[in-house]
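Asker: Attaching a single structure in structure tokens format; questions to follow.
What follows draws every value from the coordinates through simple rules; no lab data is involved. Since the structure is predicted, the reported quantities are computational estimates derived from the model, not experimental observations. A quick note on method: Cβ atoms are made from the backbone with ideal geometry, for glycine too, and the neighbour counts reach across all protein chains shown.
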Amino acid sequence: MTETNAELVQLRGRSQLTLPGFVRKTLGLDEGDLFEVSIRDGEIVLRPKRVIDVSQAWFWSQRWQDGEKQAEQDVSNGATHAFGDAAAAVDFLRARAEKAMRRKAG
């Protein structure tokens with residue numbers, strides 16, 4: 001990793017530091033963002049962290065993200081289906097599930 005800019009900051013009362021504007025802008029940081037703080041080889045390391053609400057964690061699982069990527073590829077490749085109504089979509093899905101079950105039992 002290369003160092004792009006350097007600027008002195010001062011430790012203020014209540015152990016507060018102000019991040020320079022170029023750091024906030026370069027990394028897209030906003031007020032209220034969270035950081036992981038560690039010490040490595042005598043240096044302070046700050047890593048921006050995004051916290052995921054536990055009720056939304058499923059969306060960020062590897063399996064779900066892989067499915068999202070596959071869905072994007074399918075849409076890009078035109079591998080989609082259009083249905084006149086919800087009942088037609090459900091019928092299509094049931095037929096595919098039955099076909100998959102027959103293959104598995106096969």
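Asker: I'm trying to understand the selection: among the residues of the range 4-24, which are surrounded by fewer than 10 Cβ atoms within 10 Å (Cβ to Cβ), within 20 Å of residue 34 (Cβ to Cβ) and of a type in the set (D, E, K, R)?
Answerer: Result: 12, 14.
Asker: Filter the range 7-39 for residues that are acidic (Asp, Glu) and within 18 Å of residue 49 (Cα to Cα) and give the result.
Answerer: 30, 31, 33, 36
Asker: Inside the chain, counting only helices (runs of 4 or more DSSP H) that do not spill past its ends, which hold 1 or more residues that are of a type outside the set (Ser, Thr, Tyr) and more than 26 Å from the chain's Cα centre (by Cα)?
Answerer: Hits in the chain: 86-105.
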